[in-house]
Amino acid sequence: MKQKTNARQKREAEAQRRKAAFTPAAAVRSQAATEKPAAPKPVFHPEVFPDQSLEEATLEFLDYLNRYGTKDAKNDLPQPARKKGISSGAIPRLNLEEGMPLVDEAISRMHMGIQEMRVSHVRAVKLIHGYGSTGHGGKICIGVRDELASMKRRKLIKEYIPGEDFGPTDPASRKLVEQNSAVSRDPDYGRINHGITIAVL
């Protein structure tokens, strides 16, 4: 008899505990209506912000959104820094005479620049080498064009077009225009500029 009483007391105590822990659905809905939803956790990637804490990275991201918004964000994002002497356009330019280098240095710069352009799937690059102060062709101009002729023979480039030939009367120039009509709007197209050479990759 005593055992039955103890068992009944245990069942009653368990029922009381469950009743105390139970929250009616109406109370849950009321509580949810008054509480604000938790803000989503900001995305944080340690490789993107290696020197920033989560809070600093989040503040920087929010500041960017405040300044630029989300519309056309792709175009507003900062672009990677370009190599010195290289610029973009219908035909990207590579300035070989910047800093007054020696001929060997200019040719080395040309090889590195052409390799970078080739990796980027660029069809042609405008090499700016100048024409020398005497008007008879500077050393860099002669050295660059000799090297380009050698590269063409070794099939490292498809063609090269001296600046004085770069225009509508030159077959190689017309072929470039057929591939990219913007080439015809290049400021040196048809200008007879001895200080440049177009390398076709």
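What does the charge count around E164 come to, taking other residues whose C-beta lies under 12 Å from its C-beta (Lys +1, Arg +1, Asp -1, Glu -1)? Walk me through the numbers on the way to the answer.
Values: positive: R145, R191; negative: D165, D170, D188.
With Lys, Arg at +1 and Asp, Glu at -1, the net is -1.
For D186, D170, the sequence from fewest to most other C-beta atoms within 10 Å is D170, D186. The share of C-alpha pairs in the range 155-201 whose separation exceeds 12 Å stands at 57 percent.
With the convex hull of the Cα atoms taken as the outline of the range 86-200, the averaged projected area works out to 6.7 nm². Ranking of H129, H194, H111, H121 by neighbouring Cβ atoms within 10 Å, starting from the fewest: H121, H111, H194, H129. Across the range 86-200, the mean sequence separation of Cα contacts (distance under 8 Å, 6 or more residues apart), normalised by length, yields a relative contact order of 30 percent.
Bear in mind that the values in this text are calculations on the coordinates, not laboratory data. The structure displayed is predicted, hence computed values, not measured ones. Methodologically, a virtual Cβ is constructed for each residue, glycine included, from the backbone with ideal geometry; neighbour enumeration extends over all protein chains shown.
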